[in-house]
Structures are given as structure tokens and as C-alpha cells.
Amino acid sequence: MVALMQPRSRGRLRLASADPTVEPDPAFGMLADHRDVLALRTAVREADELVRHRAFRRATDAGASLEPGRPVEGCSDDELDAWLRGGCMGHFHAAGTCRMGDPASPETVVDPVGRVSGLEGLRVADASIIPDLPGAATHLTTVMIAEHVARSFLGEDRASSVAELRRAPQSARTVTGTRS
Ligand SMILES: Cc1cc2nc3c(=O)[nH]c(=O)nc-3n(C[C@H](O)[C@H](O)[C@H](O)COP(=O)(O)OP(=O)(O)OC[C@H]3O[C@@H](n4cnc5c(N)ncnc54)[C@H](O)[C@@H]3O)c2cc1C
């Protein structure tokens, strides 16, 4: 398996309804940017070379295959690209649908402490505000975002962790409160 940890393709998430109980409509747009196809093609060919290296001879004497009986070696770029387009899947790391950034920029939805532009008393603290995908899994980044927004929510020096936020009075925790 090869993985592209920093894809250039971008998807989108649309609300399907004004009713918050209706699931939104995501379009991941995987491999929409051809540079991602080129990067994965290169990765598959390098993985194939790796498993055909003599160091792997005791484990296998065959190279990588797209499927049984269809070795990567000898595959044309077009065949490989079609296989990638038909078979690639996500890593469950969707992020960045309402990116954090400079509040003056029309591309950003929340400021660096999670305040939603144009709305009083509303913050977002989850994977959706990650501006650019980290080259790693997203859970730890999301926890750090929560810690950072929580600290700001209570005032830099008042909370050092989410645990402290949980102990804070209800009035300081509500997302519709007046703290900003
Ligand atoms: C199958 C899978 C495997 C993964 N594996 C890894 C991994 O190994 N390592 C890694 O780093 N990351 C992994 N991730 C990614 C990581 O889990 C996510 O990036 C991270 O959980 C995102 O955090 P979040 O707070 O944005 O969303 P979530 O963790 O999805 O949290 C959203 C929360 O909001 C709640 N919620 C939703 N709607 C409402 C509502 N209307 N009212 C009240 N509450 C609501 C949900 O119940 C949920 O608790 C994986 C993700 C998936 C799906």
C-alpha cells in the first residue's frame, strides 16, 4: 500500500439542507489534481522496485501487483493511472472545510483562535479548521487545536488543558456565550 499524505487535490462539503439533522453532502475530489496521480504513480513504481530488490528475495520473488496476475512491472502509465483512479481510497483524514487564517482574508472562516468571521460568540475547534493538511494522521493535530482554542476561550493563562476547560463554570463553556 502506498499513501499520499499531502495531496494537492481539494474536495468540498456542502450543506444538503438547513436542517442540522440532515447529513451534509461531501465530495472528496480525490486525484482531481493530476500531480497527485503522478506522485502516486511514482510511489507505486518505487514500491515495486523495493519489493523486487534482492533484500526481499527471501520473502518474495515476485514484484508488486495491481491485482493477482497483473504485475506493476510492464504496466503502462495509462494502465497504472486508471488503476489508481478506480481503486484509491481516503485515509479518513478529511479536514480543512472551514479553514483557519487571517480574518481579513475572504478564504478563511475562523480566526487563529477559532472565532467564526461575522458571527458573535461562535467558535469552531475541530479538524475542519486545519488550514493545510499535516503530513501525518489528524487526530493529534485536532487535540492540539482543541487545547489551543480552549486556552484562548478561557484566557491564555487560565486554562492549560481541556481537562481544565471541563472544570470551568458552565457560563465559560457555552459556545453561544459572550466570551470572544
Ligand atoms: C475510521 C477512522 C480511522 C482514523 N484513524 C486515525 C488514526 O489512526 N490516527 C489519527 O490521527 N487520526 C485518525 N482518524 C482521523 C481522526 O479520527 C479525525 O481527524 C478526528 O477525530 C477529527 O476530529 P473532529 O473533532 O474534527 O471530529 P470527530 O472526532 O468526528 O468529532 C465530532 C464529534 O461531534 C459529535 N457530533 C456530531 N454531530 C453532532 C451534533 N449535531 N450534536 C452534538 N454532537 C455532534 C460526534 O458525535 C463526535 O463526537 C481516523 C478517522 C476515521 C473515521
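The values are calculated or read from the model by the stated rules, or taken from the named source; none is laboratory data. Just so it is clear, the structure is predicted and the values come from calculations on it, not from any experiment. Cβ placement follows ideal geometry from the backbone for every residue including glycine, while neighbour counts extend to all protein chains displayed. When the accessible area is computed, the model is the full protein with side chains, heavy atoms only, and any ligands, DNA or RNA have been set aside. Shrake-Rupley method; radii C 1.70, N 1.55, O 1.52, S 1.80 Å.
Which percent of the accessible heavy-atom area of segment 1-96 goes to carbon and sulfur, probe 1.4 angstrom?
Values: 3860 of 7130 Å².
The value for segment 1-96 is 54 percent carbon and sulfur by accessible area.
In whole angstrom, how far apart do the alpha carbon centroids of segment 43-84 and segment 86-100 sit?
Distance between centres, Cα-based: 26 Å.
So what J values fall out for segment 69-83 if you push phi through Karplus, 6.51 cos²θ - 1.76 cosθ + 1.60 with θ = phi - 60°, rounded to Hz, Gly and Pro as x?
x, 10, x, 5, 4, x, 6, 6, 4, 4, 4, 5, 4, 5, 5
Probe of 1.4 angstrom, ligands and nucleic acids ignored: what's the accessible area per residue over the chain, in square angstrom? The partial results should precede the final answer.
Working: 12140 Å² over 180 residues.
Here the residues of the chain average 67 Å² of exposed surface.
For the ranges 71-77, 18-24, what's the packing order if you count other beta-carbon atoms within 10 Å of each residue, average per peptide, and put the highest first? Mind dumping the intermediate values first?
Numbers: 71-77: 13.3, 18-24: 7.7.
Result, highest mean first: 71-77, 18-24.
Would you mind checking which residues have amide H under 5 Å from Leu66's amide H? H placed 1.01 Å from N; only 5 or more apart, or other chain.
Those lying under 5 Å, H to H, from Leu66 are Val72.
Report ³J(HN,Hα) in whole Hz for each residue of segment 33-38, in order, from the Karplus equation J = 6.51 cos²θ - 1.76 cosθ + 1.60 where θ = phi - 60°; Gly and Pro get x.
So the Karplus estimates, Gly and Pro as x, are 8, 4, 4, 5, 5, 4 Hz.
Across the Cα atoms of the chain, what radius of gyration and what greatest pairwise Cα-Cα distance (Dmax) are found, in Å?
Expressed in Å, the Cα Rg and Dmax of the chain come to 22.2, 66.
Order the following by accessible area, largest value first: Arg35, Arg41, Arg70. Probe radius 1.4 Å; ligands, DNA and RNA are ignored.
On the way: Arg35 125, Arg41 45, Arg70 70 Å².
From most accessible down to least: Arg35, Arg70, Arg41.
Karplus couplings for segment 14-30 from phi (6.51 cos²θ - 1.76 cosθ + 1.60, θ = phi - 60°), rounded to Hz, Gly and Pro as x?
These are the phi-based 3J(HN,Hα) values: 10, 6, 8, 6, 6, 7, x, 8, 8, 4, x, 10, x, 10, 6, x, 5 Hz.
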